[in-house]
Amino acid sequence: MLMTAMTPAEGRTAAPADSAFVRACRGLPVDRTPVWFMRQAGRSLPEYRALREGVAMLDACSRPDMITEITLQPVRRHGVDAAVFFSDIVVPLHAIGLGVEIVPGTGPVIEKPITGEADLDRLRDLAPEDVWYVTEAVRTLVAELGATPLIGFAGAPFTVASYLIEGGPSRTYTKTKALMYGRPELWHALCARLAAITLSFLRVQIAAGASAIQLFDSWAGALSARDYERFVAPHSRAVFAGLSDVDIPKIHFGVGTSHLLEAIGEVGADVVGVDWRTPLDAAAARVGDRSVQGNLDPTVLFAPVEVLDAEIRRILAEGKAARGHVFNLGHGVMPDTDPDALTRTVALVHEYSS
């Protein structure tokens with residue numbers, strides 16, 4: 001059974017645009033550093049696992065009631081400063097009829113991988129009615145969250161393309177790179193279509209009331225800086241350019257991208273997510289006049305309290321070098337994380353930064 005939603009009047013008097021999260025994204029003064037966690041909606045929460053029991057991931061992502069409940073769970077439990085919309089980067093592909101399944105313990109698996117030009121015809125445009133459940137869930141969430149911002153999200157063209165070409169997750173991206181190097185015209189045509197689908201998916205969330213968006217290019221770190229500039233940046237830039245008329249914060253994040261920070265900072269986002277490998281003060285010096293997000297190593301949540309305490313203090317101190325700082329992990333919450341460690345992290349970030 002789904003739990004009851006939050007009451008909009010629960011101490012919320014301001015608007016999301018005045019929240020610490022949105023202000024930090026914009027580089028404006030805040031009374032405390034805002035904090036949220038990637039993959040906070042689900043994974044480590046027992047209430048999430050109970051709700052998802054017997055329900056496939058893509059089914060959960062297409063039920064407005066379930067989307068709403070899962071998105072709200074970490075806000076209730078942890079007191080985070082922003083909610084992140086519960087979905088998956090392959091939801092738009094599923095919505096346009098592409099054969100995709102999220103296999104537990106594996107990830108997205110593509111029924112017929114992209115191998116040639118003829119396959120591009122399967123990637124039709126995404127219409128709002130294709131994801132009606134997203135519109136309904138976002139509208140409900142905005143009403144329930146009150147002053148707490150809702151972050152919409154989508155997968156960036158490169159990362160989504162890698163799944164489509166490999167047929168599923170990969171450690172080497174051999175097929176992806178082979179197509180990228182050997183058939184650049186097909187590569188750019190594929191990414192252009194994915195950029196259009198991604199843009200449509202984000203605009204649906206924004207139209208329904210999302211206060212910010214994050215574009216995940218989770219696997220872009222597998223590329224050299226030269227290849228990123230040539231094969232990836234134009235398509236991520238097209239997504240952000242398509243949102244230039246929307247006055248909300250835009251975040252861009254990738255894993256293992258320390259060598260790409262300058263390039264990522266130039267594709268159009270207001271905030272650059274930084275994983276745990278690069279200190280935030282060093283990252284701030286490389287991303288231009290942009291805020292930063294991050295960057296606690298997710299494994300520190302398994303360490304003794306005194307270690308977690310010291311790491312939070314360090315990251316907050318380093319974050320002061322940036323135009324604005326949103327505290328987060330350097331990647332997503334790991335499934336076996338103790339939820340109490342996340343709650344404790346929120347409390348400590350708020351305490352030390354106030």
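Structure summary
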| read-out | value |
| --- | --- |
| Per-region count, the stretch 236-263, residues farther than 23 Å from residue 314 by Cβ and in contact with a His (Cβ under 8 Å, 6 or more places away or on another chain) | 2 |
| Residue that is nearest to residue 27 (Cα to Cα) [pool: residues in the stretch 251-272 that are touching a residue at least 60 places away in the same chain (Cβ under 8 Å) and β-branched (Val, Ile, Thr)] | 271 |
| Residue in the stretch 16-44 that is surrounded by the fewest Cβ atoms within 10 Å (Cβ to Cβ), counting only those that are touching a Phe, Trp or Tyr at 6+ places or on another chain (Cβ under 7 Å) and of a type in the set (A, V, I, L, M) | 41 |
| Only listed residue being buried (at least 23 other Cβ atoms within 10 Å of the Cβ), out of contact with any Leu (no Cβ under 6 Å at 6 or more places or on another chain) and β-branched (Val, Ile, Thr), chosen from 333, 292, 272 | 272 |
| Count - residues of the stretch 318-354 that are in a helix (DSSP H, G or I) and touching a residue at least 24 places away in the same chain (Cβ under 8 Å) | 15 |
| Residue 54 vs. criteria assigned to a loop (DSSP other than H, G, I, E, B), farther than 27 Å from residue 319 by Cα and over 17 Å from the mean Cα position of the chain (by Cα) | yes |
| Failed criterion for residue 275 (all others in (1) touching a residue at least 40 places away in the same chain (Cβ under 8 Å); (2) within 26 Å of residue 142 (Cβ to Cβ); (3) part of a loop (DSSP other than H, G, I, E, B) hold) | (2) |
| Of all residues in the stretch 180-200 being more than 19 Å from the chain's Cα centre (by Cα) and in contact (Cβ under 8 Å) with a residue 60 or more places away in the chain, the one that is surrounded by the fewest Cβ atoms within 10 Å (Cβ to Cβ) | 189 |
| Tabulated pairs, the stretch 80-108, first crowded, with 23+ Cβ neighbours inside 10 Å, second of a type in the set (Gly, Ala, Ser) and modelled with pLDDT of 95 or more, C-beta under 6 angstrom, 6+ apart or interchain | 81/20; 85/152 |
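So that you can scan it fast, the table gives a plain yes or no per residue for (1) in contact with a His (Cβ under 7 Å, 6 or more places away or on another chain); (2) charged (D, E, K, R); (3) in a helix (DSSP H, G or I):
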position: 148; (1), (2), (3): no, no, no
position: 179; (1), (2), (3): no, no, yes
position: 185; (1), (2), (3): no, yes, yes
position: 190; (1), (2), (3): no, no, yes
position: 195; (1), (2), (3): yes, no, yes
position: 199; (1), (2), (3): no, no, yes
position: 218; (1), (2), (3): no, no, no
position: 229; (1), (2), (3): no, yes, yes
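The values are calculated or read from the model by the stated rules, or taken from the named source; none is laboratory data. If you're wondering where the values come from, they're calculated on a predicted model, not measured in any experiment. Please note: Cβ atoms are built from the backbone with ideal geometry, for glycine as well, and neighbour counts cover all protein chains shown.
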